[in-house]
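Novice: The structure that follows is given in the form of structure tokens.
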Amino acid sequence: MPGNDALLARIDRLESLDAIRQLPAKYALALDMRDSDAWVNLFPADVKVGGGQSGRKALRDWFDETHSRQFTGTSHHIGGHVIDFDDADNAQGVVYSKNEHEAGGDWVVMQMMYFDRYERIDGRWFFRRRLPLYWYASDLNRPPIGERKMRWPGEPPYEGSFHDLFPSWKTYWNRHGMAHDGPVDAPAPLEKFIETMRRGAPLPRPRVRS
């Protein structure tokens, strides 16, 4: 019956929302506890790793090498999570994350967000892609005031592309934060909040520390 189909679709959407919302929390827990198998299994079996490599084994190799070399310990604190569905088995999201890192003799705090793509495969939701965008990283006792807020100890500062996913940041400051005379835009269509805010902007190409 049509009514039953609609109800089942709504239940499926609620279950999918819950499963997707758990992905970043599972990601953080597995990363901080250094369970690289649990971490890579949040991605599909054909995950692209870079350098022409793919697959969970290649991703696990990258995980183990990167985190043993750079950090003694980490703690990732998940914040707001916006999710839009492209269809029943594909979605996108933006997730805030506040992180702390023990890096040798330094304690580095970071504010960032991820732009995610999610895919349901054989009934399970995975990260299809995570694009990290950074606002700042700095020693706990050195507030990152000014430009080039990515300030890892021992490295030249650089920009982290935190505001580059959405053009509203530059538009706002181009008018010096002053109000404008144009009409208020219509609310974003359902499941199009992120796309509406992005306004067709290209994906940033942030520097990923590795």
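The values are calculated or read from the model by the stated rules, or taken from the named source; none is laboratory data. Owing to the predicted nature of the structure, the values given are computational and were not obtained by experimental measurement. A quick note on method: Cβ atoms are made from the backbone with ideal geometry, for glycine too, and the neighbour counts reach across all protein chains shown. What goes into the accessible areas is simple: the full protein's heavy atoms, side chains included, and nothing from ligands, DNA or RNA. Shrake-Rupley method; radii C 1.70, N 1.55, O 1.52, S 1.80 Å.
Novice: Go through Phe71, Trp125, Tyr96 and say which Cα lies farthest out towards the positive end of the charge dipole of segment 1-129; charges sit on Cβ, +1 for Lys and Arg, -1 for Asp and Glu.
Specialist: So the residue we want is Phe71.
Novice: Rolling a 1.4 angstrom probe over the protein heavy atoms, how many square angstrom per residue are accessible across the chain?
Specialist: 61
Novice: Using all Cα-Cα distances in segment 10-152, what percent lands in each 10 angstrom bin from 0 up to the longest?
Specialist: Values per bin, smallest distances first: 11, 37, 35, 14, 3, 0.
Novice: Hey, another quick one. Mind telling me which of Arg13, Arg129, Arg117 comes out most flexible in a GNM of the chain, alpha-carbon contacts under 10 Å?
Specialist: Arg13
Novice: With charges set only on the Cβ (+1 for Lys and Arg, -1 for Asp and Glu), what does the dipole of segment 18-149 come to about its Cα centre, in debye to the nearest 20?
Specialist: Around 160 debye, computed over segment 18-149.
Novice: In nm, to one decimal, how far is the modelled label at Met197 from the one at Asn141, with both set 7 Å along Cα→Cβ?
Specialist: A separation of 3.6 nm, rounded to one decimal place.
Novice: Express in nm, to one decimal, how much length is gained between Asp18 and Tyr96 on full extension, taking 0.36 nm for each residue of separation and deducting their alpha carbon distance.
Specialist: 26.4 nm
Novice: Right, here's the next one. What are the residues whose amide H is under 5 Å from the amide H of Arg129, where those residues sit 5 or more places off or on another chain and H is modelled from the backbone?
Specialist: Here Arg117 satisfy the definition.
Novice: Using 0.36 nm times the number of residues separating Asp87 and Arg10, minus their current alpha carbon distance, what extension gain do you get?
Specialist: Extra length available between Asp87 and Arg10 comes to 26.4 nm.
Novice: Where the centroid of each part is defined by its Cα atoms, how far is segment 139-210 from segment 70-124 in Å?
Specialist: With segment 139-210 and segment 70-124 each reduced to a Cα centre, they are spaced 17 Å.
Novice: Another question, then. Need the list of lysines near Lys48 for cross-linking: C-alpha distance under 21 angstrom, and skip anything on the same chain fewer than eight residues off.
Specialist: Lys48 reaches Lys26, Lys57.
Novice: Round to a whole number: what % of the accessible area of the chain belongs to carbon and sulfur, probe 1.4 Å?
Specialist: 55
Novice: Go ahead and estimate [θ] at 222 nm for the chain from helices alone: -39,500 (n - 2.57) per DSSP H run with n ≥ 4, summed, over the residue count, rounded to 500.
Specialist: -9500 deg cm²/dmol
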